[in-house]
Amino acid sequence: MTWQAFNVPFLKGGIISDYKESENLKEMVENKKIFILAALSNNKIVGAVRYKSTANGQNIYLFRLAVLKFYRYMGIGSKLVKRVEKITKKLGYKKIKLDCVLEKGLFPYYKKLGYRVYNIKKHDDHYDVFMYKRVNSFKK
Ligand SMILES: CC(C)(COP(=O)(O)OP(=O)(O)OC[C@H]1O[C@@H](n2cnc3c(N)ncnc32)[C@H](O)[C@@H]1OP(=O)(O)O)[C@@H](O)C(=O)NCCC(=O)NCCS
């Protein structure tokens, strides 16, 4: 599902190959290294987000947020992010961290959801924007 949702070419360099499912995903999920939340419509997965604890164990890293094209702009993406926020708070983590490709135009999306920029990295063909949100700034 995430592969389909991410399969939108936006750069000549083709970031897409990075989005192919890693072979050990199943193992990571089974060993609780990665968690996946799915949004369902009529028993079909139409959106998903992944999250995991960061290396220092203090924060949650949110990644691979994706909603199938037909289901976008209905609030599904935001609901998935908010659900991760709820879990993050419940588990006692301090922040949620995420990153997005500047050229994909999602920086305003996360900003609207309350995420702040703490770093920007320049690559040959794109910029990565690193963002965070503190648990104590989560709205109920
Ligand atoms: C990013 C994505 C998950 C958003 O999902 P969604 O369900 O359409 O988002 P929502 O409906 O919750 O959008 C909430 C708000 O953000 C806005 N928004 C949605 N997509 C946006 C975008 N690409 N750029 C800027 N704003 C956006 C909506 O207009 C909406 O605003 P409103 O509350 O004022 O109406 C979806 O566009 C997607 O799957 N993109 C491809 C995968 C991807 O790039 N993921 C991000 C990885 S960092």
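Need pairs with beta-carbon distance below 9 Å; first residue aromatic (Phe, Trp, Tyr) and within the range 31-56, second in a loop (DSSP other than H, G, I, E, B); sequence gap 6+ or separate chains.
Tyr51/Ile34
Could you look through the range 58-106, keep only residues that are basic (Lys, Arg) and over 18 Å from Phe138 (Cα atoms), and pick out the one that is modelled with the highest pLDDT?
Arg72
Out of the strands (runs of 3 or more DSSP E) lying entirely within the range 32-140, which hold 2 or more residues that are more than 13 Å from the chain's Cα centre (by Cα) and more than 12 Å from the ligand (Cβ to nearest atom)?
Because the criterion is at least 2 residues that are more than 13 Å from the chain's Cα centre (by Cα) and more than 12 Å from the ligand (Cβ to nearest atom), the strands (runs of 3 or more DSSP E) in the range 32-140 that meet it are 44-53, 116-122, 127-134.
Anything in the range 57-107 that is of a type in the set (Gly, Ala, Ser) and in contact (Cβ under 8 Å) with a residue 60 or more places away in the chain? List them, or say none.
Result: Ala66, single match.
Could you check, for the range 123-135, whether at least one of its residues is farther than 22 Å from Ser53 by Cβ, without any contact (Cβ under 8 Å) to a residue 60 or more places away in the chain and not aromatic (Phe, Trp, Tyr)?
The answer is yes; a qualifying residue exists.
The values are calculated or read from the model by the stated rules, or taken from the named source; none is laboratory data. Being a predicted model, the structure only gives us computed values, none of them experimental. For neighbour counting, all protein chains shown are included, and Cβ atoms are generated from backbone atoms with ideal geometry for every residue, glycine included.
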